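Shown next, in structure tokens, is the structure this report addresses.
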Amino acid sequence: MAAVITLYPTVTLPSYHRIVSPTLKIPTDTRRPIPVGLLACQRDPLLRELETSIISCTISQPASFPSVKKGKKASTPASADQPTLEVILHDTVIFPEGGGQPSDTGVIKTADGRTWTVTQAKRHGGHAVHYVRVDQAEDGLASLTPGTNITVSLGELDFDRRYDHMSMHTSQHLLSAVLENRLDIHTLSWSLTAAPAPSYVELARSMTTEEILAIQSEANKLVFEGRKVHVEVQEMDDKPQPAVPVLESGRAVGKGVPIDYTGGIMRTVIIDGVDRNPCCGTHLPTLHNLQLFIIPQTEALSRSATTSARLYFLAGPRLITYLTSTHSQLTAAAATLSCGAPQVPDRIGQVVDERKRAEKRVDDLEFELAKHVAGDVWQEMKSSEAALFVKHVHRTDDSVNPLGFLSAITTAFANIIPAEQPFVLVFSSSPSSQTSASASVLLVFGSDEKYVKLAGDLLKGKLNVKGGGKGTRWSGKFTGVWREGREDAVVSGVLQGVSM
């Protein structure tokens, strides 16, 4: 198994964070929280630890969470049975979710040496609120009192998570900019999925493989050039913010500033010579080490009045993990197929062709066997003098579709039986190795649907078979161990009841 080691850049240059408003200052009054937009995690995305102070600490109220739509993950601070505190700090290295980027996780260390886990952070208005998990609410309130000096930090795993988020987020800005600049394809939205899955941008239209490869090549040229990334911040004026552009289809392009944001900061992320985009997320200070891989296909989405497509991509540590996993899978497949890695696609093609031919041979043999079984039943029926011929045939079958073979028998029988001959047949099949959870299948076939329905109803009542049917065929499933002297006898009794 190959090891994955990611070498992180260690220093953010002072030129990364640029205040462009002459009157804007970073608050130094430790009794006031620094607003989202000017947080330490946004000024220096590589900073892992910060000494700061507590502004407020209250017990979280998880009583009324909004309903979560199907397919959406709940973002509750913690489980209902574990106390959680909402802590506002003067400043923080823990990013509160926003701009499509998930929240960081981290720790708060108090002067008494205790460590408190921050499960997530959220923006409330213009402030970052840390959700701190505690064993006892009173204990946490006593330790995390307002005015207390603390250290807030990202642990090793916390920073790995942050670096992954930054890599994918900065890559998304790059990808969306190149798509718009080169092909005039707008990004409608994007999703930073949970690692290690690829993230995606949702586009106004699908793309050809040639277009995707051209965009990937163009983006990676900028990566290899090591284009710088920096952030410009300014005060938001009182004027209404520009409306989000809308395409002819009616779909909005991206998102504007959240209407509940009260921090008063406008933050713009700039990739030198490539893109300027309002964003509150954390971004790497350079495109170095962000080689972009785009999965060479789009996934079409159809909504009521519009059509869009998803384009999946990987970058940074997530790309390394993906390549490592893919290589391991390819190596394992090559070993299983007894060939070299480059020969795996051809070898798989051969195996699939061989499997299709084998399945065709099995189907042909089962068809011949079904005709023989049907012929044996017909010979027995011809020698019977009963007004209504009844017969039960049980088989042992480990195939994936035993009911299909039983149906083939009834079809073969229908082709040779005279129309005027009344009959009711029960075919059943069980696996060779059985447990209490094993499933046996039954198929009732008759000349008259009233006899078939009666037999099905009796099987339900006497064997607890689950099933149903229509016309002259009825099928069902028996769960448990099928024994010849027990279940076979019950079926025989059912057929006797039908023939009376």
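Every condition in (1) part of a strand (DSSP E or B); (2) of a type outside the set (V, I, T); (3) loosely packed, with under 15 Cβ neighbours inside 10 Å holds for E202 except the one numbered (3). Taken as a whole, the stretch 332-355 holds no residue that is surrounded by 10 or more Cβ atoms within 10 Å (Cβ to Cβ) and within 30 Å of V390 (Cβ to Cβ). The set of residues in the stretch 404-427 being closer than 16 Å to V491 by Cβ and within 40 Å of the chain's Cα centre (by Cα) consists of L406 alone. The residues in the stretch 5-59 that are in contact with a Gly (Cβ under 7 Å, 6 or more places away or on another chain) and assigned to a loop (DSSP other than H, G, I, E, B) can be counted, and the count is 3.
Going by the structure shown, is V152 in contact with a Leu (Cβ under 6 Å, 6 or more places away or on another chain) and closer than 26 Å to P35 by Cβ? Against the criterion (in contact with a Leu (Cβ under 6 Å, 6 or more places away or on another chain) and closer than 26 Å to P35 by Cβ), V152 qualifies. Out of A111, A142, A128, A121, which single residue is of a type in the set (A, V, I, L, M, F, W, C), in contact with a Ser or Thr (Cβ under 9 Å, 6 or more places away or on another chain) and open to solvent by 30 Å² or more (accessible area, probe 1.4 Å)? Only one candidate qualifies: A111.
Listed here are the residues, each with its yes/no results for (1) within 18 Å of R395 (Cα to Cα); (2) open to solvent by 80 Å² or more (accessible area, probe 1.4 Å); (3) in contact (Cβ under 8 Å) with a residue 12 or more places away in the chain; (4) not basic (K, R).
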residue: S436; (1), (2), (3), (4): no, yes, yes, yes
residue: A439; (1), (2), (3), (4): yes, no, yes, yes
residue: G446; (1), (2), (3), (4): no, no, yes, yes
residue: V452; (1), (2), (3), (4): no, no, yes, yes
residue: K460; (1), (2), (3), (4): no, yes, yes, no
residue: W474; (1), (2), (3), (4): yes, no, yes, yes
residue: W482; (1), (2), (3), (4): yes, no, yes, yes
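The number of residues in the stretch 103-121 that are part of a loop (DSSP other than H, G, I, E, B) and closer than 12 Å to R133 by Cα comes to 1.
Number of residues in the stretch 283-324 that are open to solvent by less than 50 Å² (accessible area, probe 1.4 Å), over 25 Å from T268 (Cα atoms) and not in a helix (DSSP H, G or I) equals 7. Among all positions in the stretch 271-282, there is no residue which is open to solvent by 30 Å² or more (accessible area, probe 1.4 Å), at pLDDT below 90, of a type outside the set (D, E, K, R) and not in a loop (DSSP other than H, G, I, E, B). Scanning the stretch 178-199 for residues that are outside any loop (DSSP other than H, G, I, E, B) and touching a helix residue (DSSP H, G or I) at 6+ places or on another chain (Cβ under 7 Å) yields V178, L179, R182, L183, T187, W190, S199. If I88 passes every condition in (1) open to solvent by 20 Å² or more (accessible area, probe 1.4 Å); (2) more than 15 Å from L141 (Cα to Cα); (3) in contact with a strand residue (DSSP E or B) (Cβ under 7 Å, 6 or more places away or on another chain) but one, which one does it miss? Unmet condition: (2). Within the stretch 91-101, being in a loop (DSSP other than H, G, I, E, B) and either among the small types (G, A, S) or crowded, with 21+ Cβ neighbours inside 10 Å (or both) holds for D91, T92, V93, I94, F95, P96, G99, G100.
The values are calculated or read from the model by the stated rules, or taken from the named source; none is laboratory data. A quick note: this is a predicted structure, and the numbers were derived from the prediction, not measured. Heads up, the Cβs are rebuilt from the backbone with ideal geometry, glycines too, and the neighbour counts pull from every protein chain shown. SASA here: full protein model, heavy atoms, side chains in, ligands and nucleic acids out. Shrake-Rupley method; radii C 1.70, N 1.55, O 1.52, S 1.80 Å.
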